[in-house]
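Contents: one structure, followed by commentary.
The values are calculated or read from the model by the stated rules, or taken from the named source; none is laboratory data. Being a predicted model, the structure only gives us computed values, none of them experimental. Cβ placement follows ideal geometry from the backbone for every residue including glycine, while neighbour counts extend to all protein chains displayed.
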Amino acid sequence: ARKSMCLLTNDGTLPLAPKGKIAVIGPNAAIARLGGYSAPPRQSVSLLDGVRALVGGGATIVHAQGVFITQSEDRSQDEVLLGDPEKNRALIDEAVEVARGADTIILAIGDTEQTSREGFSKNHLGDRTTLDLLGEQNALFDALHALGKPIVIAAINGRPPSWPTVMAKANAVLECWYPGQEGGTAMAEALFGRINPGAKLPVTVVREVGQVPFYYNRKPSTQRGYLFAETAPLFPFGHGLSYTRFEVSAPRLSAAKIGIAGSVGVEVDVANIGQRAGDEVVQLYVRDQVSSVARPVMELKGFERVTLAPGERRTLRFTLGPDAFALWDVDMREVVEPGLFTIMAGPSSAQLKSAILEIA
């Protein structure tokens, strides 16, 4: 769970200090979301449990439900009924009053096992036409945001967080997914800086449903743009922040030119240039500049997660062989075609430095 915490945004509000009055609010604050295919555990730790245990007597913790996303917690139930809007509005008013005297708000929002699930039969559906928050959660966020207090989001969800309003206004967003039985402990440790979030997104997060499908390894003919919306995703594949800062070098190749059956070594330096220990995930991508069939604009070919102390620098080494450059040609043969390849490295698919390799 600790390794899976992914920091999406942060204006410096995180990590929190365990002092003052902290409001822990939201439909996913006091329940441990484990996902639809999990058995009932003997014990579990919610975010609220984790925060209370971590801060001890150092801070006053207050709590409110905020809204109910769904009317039932029965994950096997076929019909899904969203929370009653009128009752949710009353709960929002209650949450605002609870948070009014707080110094900081932690808002736990996202999904239930009913709103993010597999549709395995004609009467047990799982697909949705909207990707945004359900059950008046946006209204809850807006009401709390209007208080003018720092508001930190703990995203506890089973699908990518395409929540543009929340992402634009929240002071920080920690993507927690469904973190398991001890998830509340890990979430609290990440929010208060006992651990440093180091995970990266394994998906591309779109801004709205009209951008679907959206792949980091798209074909060159796609994503030319939209009339009234941005082309870029909300968060790119491989994105993830930290409480420290890292510097990733351009890749260095062991050879500028190799044969079609050859391999090339790639070295990438990564340095922690911040004040905290932390993890960075260095990602290695390849692009075939010209090919006989359409290929993705980039393909992930390797990655490595490293833990570095402040001021520490490390050289990571990768090897790219024929399988990293091969394609299936028009005759359905797996071949390596001669030409130029761009070798790219960086902390995400959107922050890359490159070197050129020739295959002849």
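Here is the figure for segment 299-334: residues that are surrounded by 13 or more Cβ atoms within 10 Å (Cβ to Cβ), in contact (Cβ under 8 Å) with a residue 12 or more places away in the chain and within 17 Å of Ile359 (Cβ to Cβ) total 10.
Would you mind finding the one in Gly225, Gly262, Gly238, Gly274 that is part of a loop (DSSP other than H, G, I, E, B), surrounded by 21 or more Cβ atoms within 10 Å (Cβ to Cβ) and not assigned by TED's automatic domain parsing to the domain that holds Trp163? Break it down into steps so the answer makes sense when it comes.
On the way: Gly225 fails: surrounded by 21 or more Cβ atoms within 10 Å (Cβ to Cβ); Gly262 fails: surrounded by 21 or more Cβ atoms within 10 Å (Cβ to Cβ); Gly274 fails: surrounded by 21 or more Cβ atoms within 10 Å (Cβ to Cβ).
Just one listed residue meets the conditions, Gly238.
Filtering segment 192-210 for residues that are touching a helix residue (DSSP H, G or I) at 6+ places or on another chain (Cβ under 7 Å), within 21 Å of Ile105 (Cβ to Cβ) and of a type outside the set (Lys, Arg) leaves a non-empty set.
Using the structure shown, decide if Leu133 is in the same structural domain as Asp78 (by TED's automatic domain parsing), outside any loop (DSSP other than H, G, I, E, B) and buried (at least 20 other Cβ atoms within 10 Å of the Cβ).
Working: in the same structural domain as Asp78 (by TED's automatic domain parsing): yes; outside any loop (DSSP other than H, G, I, E, B): no; buried (at least 20 other Cβ atoms within 10 Å of the Cβ): yes.
Against the criterion (in the same structural domain as Asp78 (by TED's automatic domain parsing), outside any loop (DSSP other than H, G, I, E, B) and buried (at least 20 other Cβ atoms within 10 Å of the Cβ)), Leu133 does not qualify.
Checked across segment 21-37, the condition of being touching a His at 6+ places or on another chain (Cβ under 6 Å), in contact (Cβ under 8 Å) with a residue 60 or more places away in the chain and not small (Gly, Ala, Ser) holds for at least one residue.
Tell me yes or no: at least one residue of segment 322-341 is under 24 Å from Ser242 (Cβ atoms), in a loop (DSSP other than H, G, I, E, B) and touching a Pro at 6+ places or on another chain (Cβ under 6 Å).
no
Select from segment 66-115 the residues that are crowded, with 19+ Cβ neighbours inside 10 Å and polar (S, T, N, Q) and list them in ascending order. Scanning segment 66-115 gives Thr70, Asn88, Thr104, Thr112, Gln114, Thr115.
Is there a residue being in a loop (DSSP other than H, G, I, E, B) and among the hydroxyl-bearing types (Ser, Thr, Tyr) anywhere in segment 280-297? Yes, there is a match, as at least one residue in segment 280-297 is in a loop (DSSP other than H, G, I, E, B) and among the hydroxyl-bearing types (Ser, Thr, Tyr).
Scan segment 17-43 for residues that are of a type outside the set (Gly, Ala, Ser) and closer than 23 Å to Glu94 by Cβ and the total you get is 8.
Can Arg52 be described as under 25 Å from Arg128 (Cα atoms), in a helix (DSSP H, G or I) and either of a type outside the set (A, V, I, L, M, F, W, C) or free of Cβ contacts under 8 Å to residues at least 60 places away in the same chain (or both)? Please lay out each step first, then the result.
Working: under 25 Å from Arg128 (Cα atoms): no; in a helix (DSSP H, G or I): yes; either of a type outside the set (A, V, I, L, M, F, W, C) or free of Cβ contacts under 8 Å to residues at least 60 places away in the same chain (or both): yes.
Taking the combined requirement at face value, the residue does not satisfy it.
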